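See structure below.
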Amino acid sequence: RTIRFTKAVLMELPFLMPADSVVNGLRLRVTSSGSKSFCMSRKRDGKFYRVTLGKFPDMTIEQARERAYTP
């Protein structure tokens, strides 16, 4: 599922891993305990990679999008 990340939307998310509609590969991981963190998901050379960028709301959506562009 792809949604446009906004602070209000991300605060209300249940347990799932939605993708941002603005930055390809940017996702919000939500654990069963309610912890939320931004991550990047990519497939390179046939291998799947996931890198945690930071915890939400400590990291803003704008910071996560900017960091997602940085290799």
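The values are calculated or read from the model by the stated rules, or taken from the named source; none is laboratory data. From a predicted model like this one, the values you see are computed outputs, not experimental measurements. Cβ coordinates were reconstructed from backbone atoms using ideal geometry, including for glycine residues, and neighbour counts include every protein chain displayed.
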Residues located in region 18-59, provided they are exposed (fewer than 14 other Cβ atoms within 10 Å of the Cβ) and either closer than 13 Å to Phe5 by Cα or among the acidic types (Asp, Glu) (or both): Ser21, Val22, Asn24, Asp45, Pro57, Asp58
Among the listed residues Ala64, Ala19, which satisfies the condition of being of a type in the set (A, V, I, L, M) and at pLDDT below 95? Ala19
